[in-house]
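K.L.:
I'd like to ask you about the structure that follows.
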Amino acid sequence: MGNSLESLTKKQAAILNFIYDFFQDKQYYPSYKEIAKEFKFNSDGTVRTYLEILERKKYIKRHSKARALTLLAQPFSTPILGHIHAGTPTEAIEHFDKTVESLTMLKHKKNKFALTIKGDSMINAGILEGDIAIIEKDLPIRSGDIVAALIDNEATLKRYIKEKNHITLKAENNNFKPIFVYKSSNLKILGKCIGTIRSY
């Protein structure tokens, strides 16, 4: 995921979406007070802190004048298809009809979906239970990528390792054994994990 932008918390993503929608509606950016009112913050200092984070993560650029912002990444809605286990594989993917307001994490802007993480097999990769993983279909899969995979119709999120005679789906937690996939197994890669969103 080295080419992706840093992931955002739900609150950070919500503020970025508000800035984007405000600009689309009024053709100028919201003031600190307007952002504070929308999110019921007690002070402009809280707004400043969030904007500093968004700037550090390269989603916006702040300028010295009032209402002077530049959006560097635009929000988009990504469907949450359900849960996927970062643990032992589980039967299929539980389907939902929710969406998450996420952001472009790579130059590819199509064919994305989201999955809510269950389990802790990927904690050493910084992917925790409850995180929302953004999955992009149709990207080239390379050894070392983190992927959403179906094995005999069981879904899991693991690191994809291409071996000489088989594929290894490796957990990022020593408490979980790797999954070895040979030609006889029914393996389908649903997509590559390009980022995560976490709620605090």
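The values are calculated or read from the model by the stated rules, or taken from the named source; none is laboratory data. A quick note: this is a predicted structure, and the numbers were derived from the prediction, not measured. Quick reminder, even Gly has a Cβ in these numbers, built from the backbone with ideal geometry, and neighbours come from all protein chains shown.
K.L.:
Pick from Thr88, Thr70: which is more than 30 Å from Lys170 (Cα to Cα) and either modelled with pLDDT under 85 or not assigned by TED's automatic domain parsing to the domain that holds Tyr20 (or both)?
P.N.:
Thr70
K.L.:
Can you tell me which of (1) under 21 Å from the mean Cα position of the chain (by Cα); (2) not in a loop (DSSP other than H, G, I, E, B) is the one Ser143 doesn't meet?
P.N.:
Tallying (1) under 21 Å from the mean Cα position of the chain (by Cα); (2) not in a loop (DSSP other than H, G, I, E, B), Ser143 fails exactly one: (2).
K.L.:
Kindly evaluate Tyr59 against the criterion of being buried (at least 17 other Cβ atoms within 10 Å of the Cβ) and touching a residue at least 40 places away in the same chain (Cβ under 8 Å).
P.N.:
In short, yes.
K.L.:
Here is a further query. Residues in region 155-175 that are surrounded by 18 or more Cβ atoms within 10 Å (Cβ to Cβ) and farther than 17 Å from Gly144 by Cβ: how many?
P.N.:
Residues flagged as surrounded by 18 or more Cβ atoms within 10 Å (Cβ to Cβ) and farther than 17 Å from Gly144 by Cβ within region 155-175 amount to 1.
K.L.:
Moving to a separate point now. State all residues of region 23-43 that are modelled with pLDDT of 85 or more and part of a helix (DSSP H, G or I); if no residue qualifies, say none.
P.N.:
Tyr32, Lys33, Glu34, Ile35, Ala36, Lys37, Glu38, Phe39, listed by residue number.
K.L.:
Looking at region 162-174, I want the residues that are closer than 18 Å to Asn186 by Cβ and have a partner that is part of a loop (DSSP other than H, G, I, E, B) and aromatic (Phe, Trp, Tyr) with Cβ atoms under 9 Å, at least 6 apart or on another chain. Which pairs are those?
P.N.:
Asn165/Tyr182; His166/Tyr182; Ile167/Tyr182
K.L.:
If Arg198 passes every condition in (1) farther than 30 Å from Ala13 by Cβ; (2) surrounded by fewer than 19 Cβ atoms within 10 Å (Cβ to Cβ) but one, which one does it miss?
P.N.:
Answer for Arg198: the failing condition is (1).
K.L.:
With respect to the numbered conditions (1) at pLDDT 80 or above; (2) touching a Leu at 6+ places or on another chain (Cβ under 9 Å), which one is the sole condition not fulfilled by Thr104?
P.N.:
(1) is the only condition that Thr104 fails.
K.L.:
Restricting attention to region 116-148, and to residues there that are of a type in the set (Ser, Thr, Tyr) and surrounded by 14 or more Cβ atoms within 10 Å (Cβ to Cβ), which single residue is farthest from Ala13 (Cα to Cα)?
P.N.:
Result: Ser121.
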